[in-house]
Amino acid sequence: MNNVNASPLKKKKGGNLNTNYLVVIIAIVILLIAIIVGSLVFDNFFKLGTFTNLLINNAHIGISAVGMTLVIITGGIDLSVGAVVAIVTMICAYGSADPASTFGGLGLDPVVCMIISLVYGILIGAAMGCLIQFFDFPPFIATLAGMFFSRGSCYILSTQAITVERGNLIDTLGAWRLKFFTPEGGGFSVGTGEVDGKVIGNLSIPVFMFIVVVIIGILISQYTKFGRTVYAIGGNEQSAYLMGLPVKRTKVLVYTLNGLCSALAGIAFTFFMRSGSGLLCVGMEMDVIASVVIGGTLLTGGVGYVFGTVFGVLTLGLIQTFVTYASLNSWYTKIFVGVLLLFFIGLQRIIVNIADSKKVKVAG
């Protein structure tokens, strides 16, 4: 039913772009309309600071969403991403804390803690992938188990929230900013200290992590044999087997990469919060999945775009910005996201039905 090669950059005969590209186009249009409406309704909305804050606040969502995009393209799902982010914040905060501090801790080098976090993400992702591929666990069940394991492990480390100490490398990296000024203020500066001049926007290390992960995700999904195999599995797994593609290895690697992305998202979120807690990112997996779907990835698999996911992340972040500017309760964000998600799922269903009807006519 789905296209095996769903890259929107490929053209069909006659020069028409792949119809699945329409979902991404509509996501971009909605984002642009939202920006225009926000600029007309709210004072001081259309400014650099609004958009740099949008990136800073949602960088961890975006990093995780890149890995989730590949998972959903294969027809799978991962419910563990929020819990993995939480355990990574605990590994970084508790692991690097001084044992003599109020919180206790292990007194490890922050770099060692970040390496341990990445290893944890890789191992938990690989474990879930193996359960799904070799033991026929449904992705929902396998990743739900991963979610419970990771969330519970947070409280084995500590039952309280742990603040990263001042001067810790994690604190320093979290405070680092690329700051933009008014023209008369000198352009821009980098670093962690206070500066003279009017700051009109700034970018943090997690934003650059997000950008790098997106670029790597696009390259992997669109320009490698591994990426083509991912699309083939989502389009028709049995056909992928018959074509001699490495289905088992690819599916395990997809979940492993998603675990790595979740760990990177956890490190980015630790930089953002400069603390760790088992209560962080509860429900984050829903935001990640919503971003991927809004960005044009079909939940049934076979169709999806990492660059489209970026627009999904920005759209969700912009909704939160609207709620903040309008001084509404934060729960309104969930309502608006739910409505938008239903719209895009319905839109995808319509496009798939149209594509199927065209195939029937051609076959007839």
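Overview of values
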read-out	value
Answer residue from region 149-165, given it is under 25 Å from the mean Cα position of the chain (by Cα) and under 18 Å from residue 107 (Cβ atoms) and is surrounded by the most Cβ atoms within 10 Å (Cβ to Cβ) among those	164
Filtered residue count, region 33-47, keeping only those that are surrounded by fewer than 14 Cβ atoms within 10 Å (Cβ to Cβ) and either charged (D, E, K, R) or closer than 15 Å to residue 313 by Cβ (or both)	2
Residue match in region 138-149 (condition: of a type outside the set (Lys, Arg) and at pLDDT below 95)	no
Which numbered condition residue 115 misses (of (1) surrounded by fewer than 19 Cβ atoms within 10 Å (Cβ to Cβ); (2) on the phi > 0 side of the Ramachandran plot)	(2)
Test for residue 101: is it within 18 Å of residue 264 (Cβ to Cβ) and out of contact with any strand residue (DSSP E or B) (no Cβ under 6 Å at 6 or more places or on another chain)	no
Given (1) over 14 Å from the mean Cα position of the chain (by Cα); (2) more than 21 Å from residue 205 (Cα to Cα); (3) among the hydroxyl-bearing types (Ser, Thr, Tyr), number of the condition residue 297 does not satisfy	(1)
Qualifying positions in region 326-348 - of a type in the set (Ser, Thr, Tyr) and more than 16 Å from residue 288 (Cα to Cα)	327, 330, 332
Count - residues of region 273-288 that are of a type outside the set (D, E, K, R), in a helix (DSSP H, G or I) and surrounded by 23 or more Cβ atoms within 10 Å (Cβ to Cβ)	1
Selection count, region 300-344, where residues are surrounded by fewer than 15 Cβ atoms within 10 Å (Cβ to Cβ), among the aliphatic types (A, V, I, L, M) and assigned to a helix (DSSP H, G or I)	3
Condition check for residue 121: among the small types (Gly, Ala, Ser), buried (at least 17 other Cβ atoms within 10 Å of the Cβ) and assigned to a loop (DSSP other than H, G, I, E, B)	no
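The values are calculated or read from the model by the stated rules, or taken from the named source; none is laboratory data. All values derive from a computational prediction rather than experimental measurement. Here the Cβ is made from the backbone with ideal geometry for all residues, glycine too, and neighbour counts use every protein chain on show.
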